[in-house]
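One structure is given here, and the rest of the page talks about it.
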Amino acid sequence: MKLLQRFIWLIVGILLLVFVTITIYQVRTENEFNTIKQSIKQEYDVQVDKMLAVDPHSVGEFSSYMSEIINAPATKTFLSLPEANTSILQDYLFNEILTYHNVDAIWFYKQGGELFHFKTVNDIGQTQQPIPEDKINEVITSGEMFSFYANYNNTINYYHSSKIENIDGEDAYIIMTSKMDGRWTDKYMAAINNSVINIVPSKQELEEIESKTIRITRDLNAYDGTTAAILNVELHLPFLELWENTNNNDKWILTASLSFFVILILFFLVYWIIIPLRKISVSLKQEKTDDIQHLLKGKTEMNEIARMIADYHHKQDELEASESIKRHIFEQAQVGIIITDNNSGIINTTNPYACNLINAPEEAIIGNVIDNFIKSSATTHKSGESYEEILLNTNNESIPILCTHTKMMMNGQPVNMNTFVDLSEIKTLRDKLQDEKKKLSLALENSGMVFCEYNFKTDDIIIDKKWEFITEGPSQNKGHNIIDNVLESDRKNIIKKFEIIDYGKKDTLDVEFRVKHPTRGIIWLSISILITKRTNDGKPLHMIGLLEDITERVNVQQELIKAKEKAEESDRMKSSYLGNMSHKIRTPLNTIVGFANLLTEEELDTDQKNNFINIIRNDTEQVLHLIDDMINLAKIDANQLEVDHKQHHINKIINNVADYFRANEKTTQLKFSVNTMLPDGKDIITTDASQLEEAINNLLSNAFKFTKEGEIELGYFENPADKKLIIYVRDTGVGIPDNQKDKIFNRFYQVDPMSEGTGLGLTITESIVKMLGGKITFESEENKGTKFFIELDMK
């Protein structure tokens, strides 16, 4: 079914994507379309305003003909007549002014508001002059130009008025009107291309227009400033229509493409998923797996579904077996179980343990009311509540029991399950528990662990008196004092772990930390904590724990770690040593073999042969020295190095070693001095001379090896206070780096792995000195030199 769900969600996602894509496309095109319309509308707004202008300096229709009327000589003459009845001038008004300029009526007023003449060529009456009578004189006196509109029976008239200066010095006033009919709308449409213009009363609602049409409206105001009509300009531009048609076509193409894609996916969904699922569903309803056996093998999800159906039938068999097991558990349970009707309390079933306790077979118990055996039941106690009660068996014996009842459903009906145990058995278990508790306490006492208990609310703590010091401190809260007594470097870690308990993520905690003991100093403690109670909001309320002093264990672990690191270092050094040893033995042996072969040649003269013999002798001594070091180290490890303590002259021992090194060719390049403190005869000590010479020889060998220039000094002095003889070897060589001073006595360790030697000299020297009963120390500064001291008892 996961595959089906995925396909469904896929289709929903694709449909959503289609919808979002089309919506975004639509919004985008609409925004672009509206932007273009707005730009065009702004240009046409200017044309409309220009067309309606009545400014004398504008090129508006009314402005032009008003100027002609006012400035015409015939008008001046007409106004100067005593009566406006001259037929010639009336014809002029009709032909030249009214008809030519689309004026339907004209009023001439003299100064003072007296109507001089009225002329109409349409059905406009003289009384349709829209300026109130009481305002006429006020308008004429002001001499201002007015333009306004009026609505007479849904017919819109345009009025224009202006002052006319008479040639005799007496001013007049003229008011003209024209019906805003097809004459004017045709003129307007001629002035504005691709437009449809009409004039509607102000109260009439404009019809809805198509999105490809641009509408421009202007309010046509009356004399009192109210709106008399609305000029409605609708622009039908071929460009906008083409744009909209193109966008609609693109939208339908996009929709069709996406729809085809969705239909294709639906086809595959039906073909690959729905039809196979339908076959599987039919097989499932028939409770047979014969038709889907071929689907049990494979790796597709459809194969997985088929296997799930086969597993379902298998689970049904297991469920039947499980019911049998539950019945077995019910019958074998070592607690009494009585199931009763929730309303009547009639017993429906019981188990053997309850039958034995009641002392009656199940058939005799079923059908009775539980109150016949247990007086207090579900009617007096809450579900899940445990309480002590008396069970009355068929022998009228009262048996104390611990009873619990639980409300539950069985076969779709509400029932009560009453479980109980004989308290006499519980008492026996309690006695056993007390014994176990004593044994546990004894075990804890012998194991070194300490039990502790803490109440977060009351701040009460139960702990052994010898550990009460960790609860002491400046705070009134003992828990805070415990945290404060933890060593500062461990405090952050323990606080972090306690926060996990405080947040309710865990109920257990194991942590190790250090505290300062009143007498023992810094000690390590381990504590295991269990939160046993929490508040309703999840905060810890009560905890118990085990406290253990693990200082000794930690110390042992640390020693083991150091020993392990030392052993690993020794193993690495040994491996390095074996490699170097192989190289250092093979090199002189190759030299010995090579020059030995050269000695067999007859044409060599005596000097060449002696030179070759000396080379062979020196390399042979080098190999012997390496072998001696290895033998001595083996003897030391096997405790087989013999020490023969006898009286010897220290001066002789020092000089014997010095004489050997005086013959060294490097002695000629360095200053080598010997310093003996005691005179002959007073220089007797008890020691093993050969072993001591070996130790001094190793120290001098290192001195000559690592000193390129400067001086080397061998000597000794006496410390009378401690009765010690101090033998020293001082050089001005390369010295020992600080980070390697603790390793120089390690086996196979060499400060310079590429130098001569085995890396065993100082190890052997240290062992010899210890066997002689002394100790070896040194002082060294890098690039300034080293001084070794052998301290022996002066006997």
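The values are calculated or read from the model by the stated rules, or taken from the named source; none is laboratory data. Everything numeric in this text was worked out from a predicted model, so none of it was measured. Methodologically, a virtual Cβ is constructed for each residue, glycine included, from the backbone with ideal geometry; neighbour enumeration extends over all protein chains shown. Just the protein is used for accessible areas: all its heavy atoms, side chains included, with ligands, DNA and RNA removed. Shrake-Rupley method; radii C 1.70, N 1.55, O 1.52, S 1.80 Å.
The residue of segment 108-136 that is farthest from THR226 (Cα to Cα), among those that are open to solvent by 70 Å² or more (accessible area, probe 1.4 Å) and assigned to a helix (DSSP H, G or I), is GLN126.
Report yes if ILE684 is among the hydrophobic types (A, V, I, L, M, F, W, C), touching a residue at least 12 places away in the same chain (Cβ under 8 Å) and under 22 Å from ASN632 (Cβ atoms), otherwise no. Answer is no for this residue. Among residues belonging to segment 190-227 that are more than 60 Å from the chain's Cα centre (by Cα) and among the charged types (D, E, K, R), point out the one that is most open to solvent (accessible area, probe 1.4 Å). The residue in question is LYS203.
Taken together, PHE672, PHE704 contain a single residue that is part of a strand (DSSP E or B) and either at positive phi or open to solvent by less than 50 Å² (accessible area, probe 1.4 Å) (or both), which is PHE672. Listed by first and then second residue, the pairs linking a residue in segment 218-236 that is closer than 13 Å to VAL200 by Cα and hydroxyl-bearing (Ser, Thr, Tyr) to a residue that is open to solvent by 50 Å² or more (accessible area, probe 1.4 Å) and part of a strand (DSSP E or B), with Cβ atoms under 7 Å apart and 6 or more places separating them unless they lie on different chains, are THR227/ASP219; THR227/ASN221.
Screening ASN351, ASN368, ASN356, ASN343 for residues that are at pLDDT 80 or above, closer than 19 Å to ASN393 by Cβ and open to solvent by 80 Å² or more (accessible area, probe 1.4 Å) leaves exactly one candidate, ASN356. Residues that are at pLDDT below 70 and buried (at least 16 other Cβ atoms within 10 Å of the Cβ) within segment 97-107 comprise ILE97, LEU98, HIS101, listed in sequence order. One residue stands out among those in segment 679-693 that are of a type in the set (Asp, Glu) and open to solvent by less than 50 Å² (accessible area, probe 1.4 Å): the one that is nearest to the chain's Cα centre (by Cα), which is ASP688.
Residue pairs whose Cβ atoms lie under 8 Å apart, sitting 6 or more positions apart in sequence or on different chains, and linking a residue in segment 29-42 that is free of Cβ contacts under 8 Å to residues at least 12 places away in the same chain and open to solvent by less than 70 Å² (accessible area, probe 1.4 Å) to a partner that is of a type in the set (Ser, Thr, Tyr) and assigned to a helix (DSSP H, G or I), do not occur here.
Taking the criterion of being part of a helix (DSSP H, G or I) and either under 21 Å from ILE744 (Cβ atoms) or not polar (S, T, N, Q) (or both), the residues of segment 675-701 that qualify are ALA689, GLN691, LEU692, GLU693, GLU694, ALA695, ILE696, ASN697, ASN698, LEU699, LEU700, SER701. Once segment 512-527 is narrowed to residues that are β-branched (Val, Ile, Thr) and open to solvent by less than 70 Å² (accessible area, probe 1.4 Å), the residue that is farthest from LYS466 (Cα to Cα) is ILE527. For segment 192-212, the count of residues that are of a type outside the set (A, V, I, L, M), more than 20 Å from LEU52 (Cα to Cα) and either touching a Phe, Trp or Tyr at 6+ places or on another chain (Cβ under 9 Å) or in contact (Cβ under 8 Å) with a residue 60 or more places away in the chain (or both) is nonzero. Restricting LEU487, LEU530, LEU509, LEU541 to those that are open to solvent by less than 40 Å² (accessible area, probe 1.4 Å) and either touching a Phe, Trp or Tyr at 6+ places or on another chain (Cβ under 6 Å) or free of Cβ contacts under 8 Å to residues at least 60 places away in the same chain (or both) reduces the list to LEU509.
Being touching a helix residue (DSSP H, G or I) at 6+ places or on another chain (Cβ under 8 Å), surrounded by fewer than 18 Cβ atoms within 10 Å (Cβ to Cβ) and in a strand (DSSP E or B): is that true of ILE337 here? Here the answer is yes, as ILE337 does meet what is asked. Looking only at residues in segment 188-219 that are in contact with a Ser or Thr (Cβ under 8 Å, 6 or more places away or on another chain) and of a type in the set (Val, Ile, Thr), the one that is farthest from SER39 (Cα to Cα) is ILE199.
Scan segment 765-780 and tell me whether some residue there is farther than 19 Å from PHE704 by Cβ, assigned to a strand (DSSP E or B) and at pLDDT 85 or above. Yes, segment 765-780 contains a residue that is farther than 19 Å from PHE704 by Cβ, assigned to a strand (DSSP E or B) and at pLDDT 85 or above. Quick one: would you say LYS187 is open to solvent by 60 Å² or more (accessible area, probe 1.4 Å) and in contact with a helix residue (DSSP H, G or I) (Cβ under 7 Å, 6 or more places away or on another chain)? Criteria met by LYS187.
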